[in-house]
Amino acid sequence: MELNNHQGWYGETFVAAIAAAAGFQVAVPYPDIGKDLILGRDHEDPDLDVQIALQVKTRRVGQFEPTEGGFKISLTIDQFKRLRGRRQVPCFLVLVVVPPEPANYIHVQERALTLHHSAYWVSLEHQPLPHQQGRKSVTVTVPRENLLTVDALREFFDRACEEVPAS
């Protein structure tokens, strides 16, 4: 498999593993229109049966250096527009930092499976559109303190449930 495709597939699988640990359903939308994964939670109460969408990007360790504020990532204007603004299904950008070599993606032991390295998230809901006409891309900062964890995913769903209008 070509390295960039392998890296992207691993990044999505990394995020899906976190979602599985949190107890969420994971779906891959077809066709791909800017969201890589849809996470859901089936609940007896329809007001708590919500979804979130994720766009997953990956970068290799050493491919870039995080700044003090976090990780800089470039998105096309179209990618940016699909993630920003208030949505019925909340959208998040997830950056998965992966080892440079696929052989180092995981470490298997008898009592543990370790996935390397880490994932970070950002919501672009309140980001304004870029002002400069003719721009083809926009740089987004993914904060280093926004580590994607089981608890972070649960908080996304809790917030989404609070925003669902009562039936």
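The values are calculated or read from the model by the stated rules, or taken from the named source; none is laboratory data. Keep in mind it's a predicted model, so treat the numbers as computed, not measured. Note that each Cβ is placed from the backbone with ideal geometry, even for glycine, and that neighbours are counted across all protein chains shown.
Things to note:
- Residue within the stretch 41-50 that is part of a strand (DSSP E or B) and either among the small types (G, A, S) or touching a strand residue (DSSP E or B) at 6+ places or on another chain (Cβ under 8 Å) (or both) present: no
- Filter pass, D158 being under 19 Å from G40 (Cα atoms) and part of a helix (DSSP H, G or I): yes
- Members of the stretch 124-140 that are under 24 Å from R86 (Cβ atoms) and either more than 14 Å from the chain's Cα centre (by Cα) or surrounded by fewer than 17 Cβ atoms within 10 Å (Cβ to Cβ) (or both): E125, H126, Q127, P128, L129, P130, H131, Q132, R135, S137, V138, T139
- One residue alone among D32, D78, D45 is among the acidic types (D, E), modelled with pLDDT under 95 and within 22 Å of R154 (Cβ to Cβ), and that residue is D45.
- Considering the stretch 60-91, the residues that are in a helix (DSSP H, G or I) and not hydrophobic (A, V, I, L, M, F, W, C) include one that is nearest to Y105 (Cα to Cα), namely Q79.
- Near pairs, Cβ below 6 angstrom, 6+ apart or cross-chain, from the stretch 53-65 (in contact (Cβ under 8 Å) with a residue 12 or more places away in the chain and surrounded by 19 or more Cβ atoms within 10 Å (Cβ to Cβ)) to any residue that is outside any strand (DSSP E or B) and among the polar types (S, T, N, Q): T58/Q7
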